[in-house]
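Trainee: Structure in structure tokens, see below.
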Amino acid sequence: AMGQLMATLGHVNQAVVLTRHALETDPLNARWHNWLAVYLAALGRLGEAADASHATIELQPAAVSYHTWLAIIEVQRADAKAALTAAQAEPAHGGWQEIALAFARQIGPDRATADATLNHLIATQSDVSSYQIAEVYALRRDPDQTFVWLNRAWANRDPGIAFLLFDPFILRYQHDPRFSAFCNKVGLPTTTAR
């Protein structure tokens, strides 16, 4: 829990140390392996992140969201095929597969499908996945829509906002004045120590 708090405040290296320590006491905790994958990916340590994500899936292959995180890591590694494979492996219940597919299809060559999967995500989950929609727009390098959806996420009290200071897609816009304004609005620091 302290690792999650450190990451939320933008201290991702500390989150990695704390999560690795937790895993020493409980190496079969899939959730902690997943958090480690998320933090490592945020630091650009994508090979290590993929390894932690695979460990997560090996421990709980049918759990929701774990394949989504692997898909996001593969998106960061610019591996469209691996991202799509991971997204398609996500269980179809719970809405995470739509999120994973929206991410994965943004880096493939088919722009029409990329647009359609994002539009489908918006049509079916805008009330519960506003933060993830903002992330997809950030991946698409559309800052205006990114901030529109971040503000919707805040209005919806989307818990994804806790990822803001270690989100590699959203942090593309950390020098945009709207980023600092948003951090101030939601009560997060505007600078991080990583």
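Trainee: Which condition number does Arg141 fail, the rest of (1) at positive phi; (2) free of Cβ contacts under 8 Å to residues at least 12 places away in the same chain being met?
Mentor: Against the list (1) at positive phi; (2) free of Cβ contacts under 8 Å to residues at least 12 places away in the same chain, Arg141 comes up short only on (2).
Trainee: Also, I was wondering about something else. Would you confirm whether or not segment 31-45 contains a residue that is open to solvent by 10 Å² or more (accessible area, probe 1.4 Å), out of contact with any Leu (no Cβ under 8 Å at 6 or more places or on another chain) and at positive phi?
Mentor: Scanning segment 31-45, I find at least one residue that is open to solvent by 10 Å² or more (accessible area, probe 1.4 Å), out of contact with any Leu (no Cβ under 8 Å at 6 or more places or on another chain) and at positive phi, so the answer is yes.
Trainee: Next question, about the same structure. If I ask for residues that are surrounded by 17 or more Cβ atoms within 10 Å (Cβ to Cβ) and either part of a helix (DSSP H, G or I) or in contact (Cβ under 8 Å) with a residue 60 or more places away in the chain (or both), which ones from segment 155-170 would you list?
Mentor: Gly160, Ile161, Ala162, Phe163, Leu164, Leu165, Phe166, Asp167, Pro168, Ile170, listed by residue number.
Trainee: Can you name every residue in segment 64-81 that is small (Gly, Ala, Ser) and open to solvent by less than 30 Å² (accessible area, probe 1.4 Å)?
Mentor: Kept after step one, since they are small (Gly, Ala, Ser), are these residues of segment 64-81: 65, 71, 78, 80.
Matches in segment 64-81: Ser65, Ala71.
Trainee: Related question: Name the residues in segment 118-154 that are open to solvent by 20 Å² or more (accessible area, probe 1.4 Å) and in a loop (DSSP other than H, G, I, E, B), would you?
Mentor: Ser126, Asp127, Val128, Arg140, Arg141, Asp142, listed by residue number.
Trainee: Does Thr19 satisfy being touching a helix residue (DSSP H, G or I) at 6+ places or on another chain (Cβ under 7 Å), open to solvent by less than 20 Å² (accessible area, probe 1.4 Å), over 26 Å from Ile107 (Cβ atoms) and at pLDDT 95 or above? So that I can check it myself, show each step before the final result.
Mentor: Details: touching a helix residue (DSSP H, G or I) at 6+ places or on another chain (Cβ under 7 Å): yes; open to solvent by less than 20 Å² (accessible area, probe 1.4 Å): yes; over 26 Å from Ile107 (Cβ atoms): yes; at pLDDT 95 or above: yes.
Yes; evaluated as a whole, the condition is true for this residue.
Trainee: Another question, if that's okay. Would you confirm whether or not segment 1-8 contains a residue that is touching a residue at least 12 places away in the same chain (Cβ under 8 Å), part of a loop (DSSP other than H, G, I, E, B) and surrounded by fewer than 16 Cβ atoms within 10 Å (Cβ to Cβ)?
Mentor: First, pick out the residues of segment 1-8 that are touching a residue at least 12 places away in the same chain (Cβ under 8 Å): 2-4, 6-8.
Within this subset, residues satisfying the condition of being part of a loop (DSSP other than H, G, I, E, B) are none.
So far as segment 1-8 goes, no, none of its residues is touching a residue at least 12 places away in the same chain (Cβ under 8 Å), part of a loop (DSSP other than H, G, I, E, B) and surrounded by fewer than 16 Cβ atoms within 10 Å (Cβ to Cβ).
Trainee: While we're here: Any chance segment 178-191 includes a residue that's open to solvent by less than 30 Å² (accessible area, probe 1.4 Å) and under 20 Å from Gln76 (Cβ atoms)?
Mentor: Within segment 178-191 (the criterion being open to solvent by less than 30 Å² (accessible area, probe 1.4 Å) and under 20 Å from Gln76 (Cβ atoms)), the answer is yes, since at least one residue qualifies.
Trainee: Which of the numbered conditions does Ala52 fail, given that it passes all the others? Conditions: (1) in contact (Cβ under 8 Å) with a residue 24 or more places away in the chain; (2) over 14 Å from the mean Cα position of the chain (by Cα); (3) closer than 26 Å to Pro27 by Cβ; (4) surrounded by 17 or more Cβ atoms within 10 Å (Cβ to Cβ).
Mentor: Result: Ala52 fails condition (1) only.
Trainee: Suppose we filter segment 24-34 for residues that are assigned to a helix (DSSP H, G or I) and within 14 Å of Gln60 (Cα to Cα); how many remain?
Mentor: The first filter runs over segment 24-34 and keeps only residues assigned to a helix (DSSP H, G or I), leaving 24-25, 30-34.
Right, trim to within 14 Å of Gln60 (Cα to Cα) and you get 30-34.
Within segment 24-34, residues that are assigned to a helix (DSSP H, G or I) and within 14 Å of Gln60 (Cα to Cα) number 5.
Trainee: Taking Asp115 as meeting all but one of (1) modelled with pLDDT under 95; (2) within 21 Å of Val128 (Cα to Cα); (3) surrounded by fewer than 18 Cβ atoms within 10 Å (Cβ to Cβ), write down the number of the exception.
Mentor: Result: Asp115 passes all but (1).
Trainee: Is it true that Ile107 is open to solvent by less than 70 Å² (accessible area, probe 1.4 Å) and in a loop (DSSP other than H, G, I, E, B)? Quick ask: steps written out before the conclusion?
Mentor: Numbers: open to solvent by less than 70 Å² (accessible area, probe 1.4 Å): yes; in a loop (DSSP other than H, G, I, E, B): yes.
Yes; evaluated as a whole, the condition is true for this residue.
Trainee: How many residues are under 16 Å from Pro61 (Cα atoms) and under 14 Å from the mean Cα position of the chain (by Cα) if we restrict to segment 87-114? Write out each step before concluding.
Mentor: First, the residues of segment 87-114 that are under 16 Å from Pro61 (Cα atoms): 87-94, 96-97, 100.
Then drop every residue that is not under 14 Å from the mean Cα position of the chain (by Cα), which leaves 87, 96-97, 100.
Qualifying residue count for the region: 4.
Trainee: Cβ-Cβ under 9 Å, sequence separation 6+ or interchain: first residue in segment 105-117 and closer than 15 Å to Val75 by Cα, partner of a type in the set (Val, Ile, Thr) and part of a loop (DSSP other than H, G, I, E, B). Which pairs?
Mentor: Ala114/Ile107
The values are calculated or read from the model by the stated rules, or taken from the named source; none is laboratory data. Values in this document were obtained by computation on a predicted structure and should not be read as measured data. As a convention, Cβ positions derive from the backbone with ideal geometry for all residues, glycine included, and neighbour counts pool all protein chains shown. Just the protein is used for accessible areas: all its heavy atoms, side chains included, with ligands, DNA and RNA removed. Shrake-Rupley method; radii C 1.70, N 1.55, O 1.52, S 1.80 Å.
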